[in-house]
Amino acid sequence: MTLPAPRFAFVEGALDRADALRDKPDALQAYWHDARVLVVDADGRTRADAAGALATPRGRTLADAAGEAAFLGAVFLGMRGDEAWFAIDDDRESAAAAPPAPFEARGAQDGRIDLRSAAAQWPAFEATVFAQARAVLHWRARHRHCGACGGPLRFLRGGWQGHCDACGLDHYPRTDPAVIVAVSDGERLLLGRQANWPPRRYSTLAGFVEPGETLEQTVAREVMEESGVRVRTSRYLASQPWPFPSSLMLGFVADAEPDPPRADQELEDVRWFSREDVGAALRGESGPDGLLLSPSISISRWLIEAWHAAAAR
Ligand SMILES: [Zn+2]
C-alpha cells in the first residue's frame, strides 16, 4: 500500500542532536552565548513574539547576576547548521506576572503559546523543536530525585542524563510508547469518541503499551478493551512524538472481525464508519449531522487518510 506523505506535526525539521557534543561541556558553553533558547513555562508554553511566532532569546541575554546559572540549567537540544539550540524552564515567572499580550495569535496568552496551538500555526521546524524542548524539560522537572534512593539528581550530558551521587544510578529521559490504530473489517473503519470531545468528533483507538507486551499484543488488547472487536492482524506504519506530556504514538493499521462494537467506560461511543462517510469527513463535507475527524496535526488523521486511500483501490 502506498502511503500518503506524513503530514502530521513534530516530525519534519528535527535538529541534529549532535550527541558527541553532549560530552563536551566547554564546547556547549562556548555555543551558549549566541544560542537560540526556548524558554518553557510550567504549563508547557513557550514564548511567542508580537506576531505569534516563536521567540528565542539568545543564551547571553538569559545569564543571571551570577553569570552562568541559566546555562547550567539548560538542556542542549542540538544544532541547526552552526547554530546551537537549548531549552530552559521558566518557572520563575507566573503567568499572572507576565505582561499583557500585545498580539492575538490563536492559543497565545501573555506572550506565550501552547504546543497544540503552535503546531497548528508554525512552520514544521519550530513546532518540532518546541515538542522536543517540552518533552525533555517535562521529564527533568519531574525527575529531580533518584527513583531508587531519593537522592538529588545531577544532570550531565547537556541535560540528557541524571546522575545520582548517593547510589550511583543514572537516569535517562522517559518516553511512553502508545499504539494508535486504524481498525478495518475490510469494508469499514472503527472509530470511537470520548465524552468530553466536541459533538460528532470520532478518532482512531489508542492505548499505552504495558511492560512485557509486544506492540501487536497491545493493538489487539486495546481494541478488544475499548470496542469488543477482535483484531486478526496488525501492521506498523509510522510514528509521532506526542509530548502531552511524554508519549510516542506508534501508528498501526489492523484487520479485524466484523464484530458489533460496544463502548467501554473509556469511550462514550464506538462504531464502524463506511468509506463514504470517512471520505466526506476528510473532505470536510460531512453535513450537519455527519462525522468530524481529528485535526491534521495528529497522526490519527493521517492513519485515517492512509486507510481511506488504500480502500479506494
Ligand atoms: Zn540514587
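Bear in mind these aren't lab numbers, they're just calculated from the coordinates by the rules spelled out. Note that this is a predicted model, so its numbers are computed, not measured. Here Cβ is always computed from backbone atoms with ideal geometry, including for glycine, and neighbour counts include all displayed protein chains.
Miscellaneous remarks
- For Arg154 and Leu248, the FRET efficiency from 1/(1 + (r/R0)^6), where r spans their Cβ atoms and R0 equals 41 Å, is about 0.95.
- Most mobile of Arg157, Arg232, Arg17 in a GNM of the chain (Cα contacts under 10 Å): Arg232
- For the residues Arg36, Arg201, Arg140, a GNM of the chain with alpha-carbon springs under 10 Å puts the largest fluctuation on Arg201.
- With the cut-off at under 18 Å, measuring from each backbone N in the stretch 187-216 to a point 7 Å along the Cα-to-Cβ line of Ala312 picks out 187-189.
- Rounded to the nearest 500, the 222 nm mean residue ellipticity of the chain from helices alone is -6500 deg cm²/dmol, with -39,500 (n - 2.57) taken per DSSP H run of at least 4 residues.
- Summarising the strand pairing of the chain, around 75 percent of its internal DSSP beta bridges are antiparallel.
- GNM result for the chain, Cα springs below 10 Å: residue of Ala281, Ala220, Ala84 fluctuating most strongly: Ala281
- Summed over all non-identical Cα pairs, the Kirkwood treatment of the stretch 176-311 gives a radius of 14.8 Å.
- Dividing the mean sequence gap of close Cα pairs (under 8 Å, 6+ apart) by how many residues the stretch 210-303 holds gives a relative contact order of 21 percent.
- Each part reduced to its alpha carbon centroid, the stretch 1-50 and the stretch 249-313 end up 32 Å apart.
- Take the Cα radius of gyration of the chain and divide it by 2.2 N^0.38 Å, N being the number of residues; the result is 1.12.
- Taking every alpha-carbon pair under 8 Å whose residues sit at least 6 apart, the chain reaches a relative contact order of 18 percent.
- Each Lys and Arg adds +1 at its Cβ and each Asp and Glu adds -1 at its Cβ; summed about the Cα centre, the chain shows a dipole of about 320 debye.
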